[in-house]
1. Within segment 24-39, is there a residue that is surrounded by 14 or more Cβ atoms within 10 Å (Cβ to Cβ), more than 18 Å from the chain's Cα centre (by Cα) and closer than 30 Å to residue 125 by Cα?
2. Among the residues of segment 87-106, what is the count of those that are surrounded by fewer than 17 Cβ atoms within 10 Å (Cβ to Cβ) and at pLDDT 90 or above?
3. Could you figure out which of (1) more than 19 Å from residue 12 (Cα to Cα); (2) part of a helix (DSSP H, G or I) isn't true of residue 74?
4. Based on what the data block shows, is residue 114 within 25 Å of residue 24 (Cβ to Cβ), assigned to a helix (DSSP H, G or I) and without any contact (Cβ under 8 Å) to a residue 12 or more places away in the chain?
5. Can you say whether residue 107 is out of contact with any helix residue (DSSP H, G or I) (no Cβ under 6 Å at 6 or more places or on another chain), touching a residue at least 40 places away in the same chain (Cβ under 8 Å), assigned to a helix (DSSP H, G or I) and closer than 29 Å to residue 44 by Cα, as far as the supplied structure shows?
6. Report the residue count in segment 92-104 for those that are without any contact (Cβ under 8 Å) to a residue 40 or more places away in the chain and farther than 16 Å from residue 62 by Cα.
C-alpha cells in the first residue's frame, strides 16, 4: 500500500513538474508581501500583532494562487495547449501569464506597503525610468 501511494504521488508530481517553478515564484511573492505587510504594521503601530485572521487570509491566498496556477496549467496542458500552440510558439503561455498576474498583484501590494512607510512609489519611479529610457532611445534613432 505504501509503495502504491508513493508511486501515485510521484506520478502526480511528475505531471505538474513543469508548473512548479511558477508556483514557487508566486509563493515567494506572497511571502515577500507578507514581510512588507508586517514591516508596515511595525512602522505604523510600533508593534506587530500576530492576528490569526490576517495570517489565515495569507494562507488562503497562497493556496488559492498556487491551486489556480496548477488549474490553469492543467487546462493549458490537456485542453487548450494545442490550440494556443497553433498561434504562439511559447510553451505554457497561459500558465505563465496567470502566474505573472498573481506576482504582479503581490508586487503592487508590496509597493503600497512601501509607499505607506516611506512615502515613495517605486512602481511610479520605475515607469518614469522606463519612459525616460524610451525617449532617450528615440533621440538616437
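The values are calculated or read from the model by the stated rules, or taken from the named source; none is laboratory data. Keep in mind that what you see is a predicted model, and the values were worked out from it rather than measured. Neighbour counts are summed over all protein chains in view; Cβ atoms, including those assigned to glycine, are modelled from backbone coordinates with ideal geometry.
1. The first filter runs over segment 24-39 and keeps only residues surrounded by 14 or more Cβ atoms within 10 Å (Cβ to Cβ), leaving 25-27, 29-30, 32-34, 36-39.
Then drop every residue that is not more than 18 Å from the chain's Cα centre (by Cα), which leaves 38-39.
Now restrict to residues that are closer than 30 Å to residue 125 by Cα: 38-39.
Checked segment 24-39: at least one residue is surrounded by 14 or more Cβ atoms within 10 Å (Cβ to Cβ), more than 18 Å from the chain's Cα centre (by Cα) and closer than 30 Å to residue 125 by Cα.
2. The initial filter retains those residues of segment 87-106 that are surrounded by fewer than 17 Cβ atoms within 10 Å (Cβ to Cβ), namely 87-91, 93, 97, 100-101, 104-105.
Within this subset, residues satisfying the condition of being at pLDDT 90 or above are 97, 100-101, 104-105.
Summing the residues that are surrounded by fewer than 17 Cβ atoms within 10 Å (Cβ to Cβ) and at pLDDT 90 or above in segment 87-106 gives 5.
3. (1)
4. Against the criterion (within 25 Å of residue 24 (Cβ to Cβ), assigned to a helix (DSSP H, G or I) and without any contact (Cβ under 8 Å) to a residue 12 or more places away in the chain), residue 114 does not qualify.
5. Details: out of contact with any helix residue (DSSP H, G or I) (no Cβ under 6 Å at 6 or more places or on another chain): yes; touching a residue at least 40 places away in the same chain (Cβ under 8 Å): yes; assigned to a helix (DSSP H, G or I): yes; closer than 29 Å to residue 44 by Cα: yes.
Yes.
6. Initial filter on segment 92-104 (without any contact (Cβ under 8 Å) to a residue 40 or more places away in the chain): 93-94, 97-98, 100-101, 104.
The next check asks that each one be farther than 16 Å from residue 62 by Cα; those that pass are 93-94, 97.
Within segment 92-104, residues that are without any contact (Cβ under 8 Å) to a residue 40 or more places away in the chain and farther than 16 Å from residue 62 by Cα number 3.
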